Amino acid sequence: QVQLVESGGGLVQPGGSLRLSCAASGRWFSIYAMGWYRQAPGKQRELVAAISTGGSTNYADSVKGRLTISRDNAKNTVYLQMNSLKPEDTAVYYCNTNPVARYSWGQGTQVTVSS
């Protein structure tokens, strides 16, 4: 059974940084594009960053220039470097395949940006 395990979240002040990781089980990882998604309280889950199998990236307008997605296929891991964080980035962050979320969602990792 495929598992997605997110980590690296926490409480950070505005302007701060975090690096999220998502470890995936199984041998499928390198053949799918991956995405980082987030869900804020009372809002729908949204895609914030995506990376193709070849390393091409795309970002939501709200995070461009501040968040960077990367992947390490040898480690079955996708990362999200988050800089210049804003209170509106507060959410639970998840990873999954993109554009279709093929697998069950993991538990996510909470990011809270607050002074």
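The values are calculated or read from the model by the stated rules, or taken from the named source; none is laboratory data. Keep in mind it's a predicted model, so treat the numbers as computed, not measured. Reconstructed Cβ throughout: ideal geometry from the backbone, glycine too, with neighbour counts over all protein chains shown. These accessible areas exclude ligands, DNA and RNA; they are computed on the full protein's heavy atoms, side chains included. Shrake-Rupley method; radii C 1.70, N 1.55, O 1.52, S 1.80 Å.
Of all the residues that make up the stretch 73-87, how many are hydroxyl-bearing (S, T, Y) and without any contact (Cβ under 8 Å) to a residue 60 or more places away in the chain?
1
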query = List, please: which pairs have Cβ atoms under 7 Å, are six or more places apart or on different chains, and start with a residue in the stretch 11-31 that is more than 22 Å from N83 (Cβ to Cβ) and end with one that is open to solvent by 60 Å² or more (accessible area, probe 1.4 Å) and assigned to a loop (DSSP other than H, G, I, E, B)?
reply = S25/Q3; S30/T53; I31/T53
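Answer yes if at least one residue in the stretch 27-43 is under 12 Å from the mean Cα position of the chain (by Cα), open to solvent by 70 Å² or more (accessible area, probe 1.4 Å) and not aliphatic (A, V, I, L, M), and no otherwise.
No, the stretch 27-43 contains no residue that is under 12 Å from the mean Cα position of the chain (by Cα), open to solvent by 70 Å² or more (accessible area, probe 1.4 Å) and not aliphatic (A, V, I, L, M).
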request  = Return only the number of the condition from (1) open to solvent by less than 40 Å² (accessible area, probe 1.4 Å); (2) free of Cβ contacts under 8 Å to residues at least 24 places away in the same chain; (3) not β-branched (V, I, T) that S70 does not satisfy.
outcome  = (1)
ask   = How many of the residues making up the stretch 98-115 are outside any loop (DSSP other than H, G, I, E, B) and either modelled with pLDDT under 95 or over 22 Å from L18 (Cα atoms) (or both)?
value = 0
note = Among the residues of the stretch 79-97, the number that are assigned to a strand (DSSP E or B) and either among the aliphatic types (A, V, I, L, M) or open to solvent by less than 10 Å² (accessible area, probe 1.4 Å) (or both) is 8
task = Could you check I51 against (1) open to solvent by less than 20 Å² (accessible area, probe 1.4 Å); (2) closer than 16 Å to Q3 by Cβ and say which number it fails?
result = (2)
